[in-house]
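The values are calculated or read from the model by the stated rules, or taken from the named source; none is laboratory data. A quick note: this is a predicted structure, and the numbers were derived from the prediction, not measured. Positions of Cβ are generated from backbone atoms using ideal geometry, with glycine treated the same way; all protein chains shown enter the neighbour counts. Please note that ligands, DNA and RNA were not included when accessible areas were found on the heavy atoms of the full protein model with its side chains. Shrake-Rupley method; radii C 1.70, N 1.55, O 1.52, S 1.80 Å.
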Amino acid sequence: MPKKLLKNINFPSDIRKLSADKLPLLAKELREFIIDIVATKEGHLGASLGVVELTIALHYVFDTPTDQLVWDVGHQAYGHKILTGRKDVFHTNRQLGGISGFPKRSESNYDTFGVGHSSTSISAALGMAIASKIQGSEKHHIAIIGDASIASGMAFEALNHAGDTDANLLVILNDNAIGIDPSVGALKGYLTRIKDSRLSIEQHNIFEALNFEYSGPIDGHNFEELLSELNRLKEVKGPKFLHVITTKGKGLLQAEQDQVKYHAPGKFDKISGDVLPKKQSKFTKFQDVFGKTLIELAHQNKKIVAITPAMLSGSSLNEMLAEFPERTFDVGIAEQHAVTLAAGMATQGIIPFCAIYSTFLQRSYDQIIHDVALQNLPVIFCIDRAGLVGQDGATHHGVFDLAYLRLIPNMIIFAPRNEIELRNIMFTAQLGLKNPIAIRYPRGFGNLENWQLPFEEIQIGKGVCLKQGNKIAILSVGIIANTISDAINQLENSNSVAHYDMRFVKPLDKKLLETIFTNFDKIITLEDGTVKGGFGSAILEYASEKNYKGSIDILGIPDNFIDHGTVEELQFLLKIDSKSIQEKIEELLEPV
């Protein structure tokens, strides 16, 4: 629990009452507090530990919330949350009904901009700064962005604009040489040269060339340097750039030494720092099924390459990189570039597997339409973290992909219900498809022990009947088929319910649908995506075209943003868990 200094700190105004020589002790206590909570409640650890001194210094020097801080991504904002009125509820972080794991405007007026995806902070802070100037305000606007995030195109767009203004903007580069995985690219090399020399390389470095007043690099764990430079920059007008060197995981030895693991380590021993062993599963994560299968296919087909935008470990492409370094590309936080890079490769006969989380694929929407689908290039999109993802919440749920991809001409969309189906559609996709294909699969474990079976080709657009029945037909795509099977097995009259895995959202198996329309006057569709424009909508559209007279109930994610909680908790609340599905079936089976 909070002690000594931290127990009396509820808001930044309390920090400003301290003398500067007390700040290192406050930093020590804040680190201990973060470690204590995250050790048992889980969350993003390393990034927040790395910016403890910077967080305190910013709130000490600037008059927050009047002066506005924008934290890029938000992985590093735990200290900020604790110091801005949420210390006593921080133990609820990322839990159902608790505070968000990311800055959120509706949660606190100190959270000036909602974040979760990277590289938005400079644009947002610049927008605030310009708005303040229009309104005659002289308050400060500070964007804190990591070295991995600043390499993104959007960050460069914002820097390019900001340098052509006189906005009161301070960009702080939190440079620790790592995002989730180690940072990549030419900019990383440039920043490394600056750090190694401890000098601003030449008089005109890249940031000065963009009309920023550049200062640094300075030690982000040294209060004397931080306070001196922040106070100086308060008096400088126009766009400013402060380069701060930090250590991700600072203060916990294991987190400093293994920064990838301790980005979000799960539960760990707060004394030793050792990650606690998780209950071993006899099943395999879908991301690992993808990674292992891709290596298997890459051995058979030399045209296969893998592309990921800074999700190398999360997409399980580490082994692919180790085995095929010339055919594996981590392009950094650059989803748009990743997609068009894949399109370019596809024009030359290469077979690109482009692995991007569902929530991040949204950022490359124009490239999917314009560069891939319009030219009908056979890029294979492997969409990880589809559906509800749990405690990361609204910014990370992958619930929109079926809807936003379904309307794109030429696109094939497939959702495997298990690991074997994932393997087989990956095998099918590299056999010579003439269209782009999106394969979306969830976070977490599958449910098959023996999934590494010989490959079988899947017929594009072909659904399957998983269970015969005579009164109600349930249509599904993806792993939610397993939840439906559980629900049906709990029914006393299970013979009344037929279950079809349509597999493809596009193209639909129209022949199978016509059979279903003929034999059933009650249909339920179920998906772990939004009901607006998704799989169920596709069924409704075709039913209308065929003048189907029966009833169709669409179950899935409702038309609002879903907060954080475990997947099981959220499924229960949204009534797409096994028990709720069972109750829906029983309701429809009741005589009218």
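Can you give the convex hull volume of the alpha carbon atoms of the range 1-80 per residue, in Å³? Walk me through the numbers before you get to the answer.
Details: hull volume 6.9 nm³, N = 80.
Expressed per residue, the convex hull around the Cα atoms of the range 1-80 is 86 Å³.
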* To do: Mind sorting out which of (1) 170; (2) 130; (3) 146 is the real volume of the Cα convex hull per residue in Å³ computed from the coordinates?
  => (1)
* Structure fact -> Residue span residue 22 to residue 374: 0.36 nm per residue of separation minus Cα-Cα distance leaves a gain in nm of 120.7 nm
* Asked: Round to a whole number: what % of the accessible area of the range 474-592 belongs to carbon and sulfur, probe 1.4 Å?
  -> 47 percent
* Structure fact -> Label model pair residue 300, residue 549: point-to-point distance (7 angstrom along the Cα→beta-carbon line) in nm is 4.8 nm
* Relative to the first principal axis of the alpha-carbon coordinates of the chain, what is the inclination of helix 223-234, with its axis defined by its Cα atoms, in degrees from 0 to 90 and to the nearest 10? -> 90 degrees
* To do: Select from 287, 221, 118 the residue farthest towards the positive end of the dipole of the chain; place +1 on Cβ of Lys and Arg, -1 on Cβ of Asp and Glu, and compute about the Cα centre.
  => 287
* Asked: Rounded to the nearest 500, what is the chain's calculated 222 nm mean residue ellipticity when only DSSP H runs of at least 4 contribute -39500 (n - 2.57) each, over all residues?
  -> -10000 deg cm²/dmol
* Asked: How high is the FRET efficiency between residue 235 and residue 566 when r is their beta carbon distance and R₀ equals 56 Å, given to the nearest 0.05?
  -> 0.70
* Asked: Considering the dipole of the chain built from charges on the beta carbon (Lys and Arg +1, Asp and Glu -1) around the Cα centre, which of 69, 540, 430 is farthest to its positive end?
  -> 540
* Does the range 200-355 come out rounded, prolate or oblate, given a ≥ b ≥ c as the square roots of the eigenvalues of its C-alpha gyration tensor, rounded meaning a/c under 1.5 and, failing that, prolate meaning a/b above b/c? -> oblate
* Asked: With the contact rule set at Cα under 8 Å and sequence spacing of 6 or more, what percent relative contact order holds for the range 195-329?
  -> 14 percent
* **Prolate/oblate/rounded call for the range 443-592, Cα gyration tensor, a/c under 1.5 rounded** => rounded
* Rounded, prolate or oblate (a/c below 1.5 giving rounded, otherwise prolate when a/b exceeds b/c) for the range 477-556 by Cα gyration tensor -> oblate
* **Tilt relative to the chain, helix 480-489 - C-alpha long axis, 0 to 90 degrees, to 10** => 50 degrees
* Asked: Say R0 is 56 Å: what FRET efficiency, to the nearest 0.05, do residue 574 and residue 211 get from their beta-carbon distance?
  -> 0.70
* Go through 440-451, 244-255 and give me the packing order, highest mean Cβ count within 10 Å leading. => 244-255, 440-451
* Cut-off 11 Å (backbone N to label point 7 Å along Cα→Cβ of residue 106), residues of the range 550-564 -> 560-564
* Return the Cα extents of the range 316-400 along principal axes one, two and three, sorted largest first, each rounded to a whole Å. => 40, 34, 18
* Structure fact -> Taking Cα atoms only, helix 52-61 is inclined relative to the longest principal axis of the chain by an angle, in degrees rounded to 10, of 60 degrees
* Asked: On average, how much accessible surface per residue is there in the chain, in Å², for a 1.4 Å probe, leaving out ligands, DNA and RNA?
  -> 41 Å²
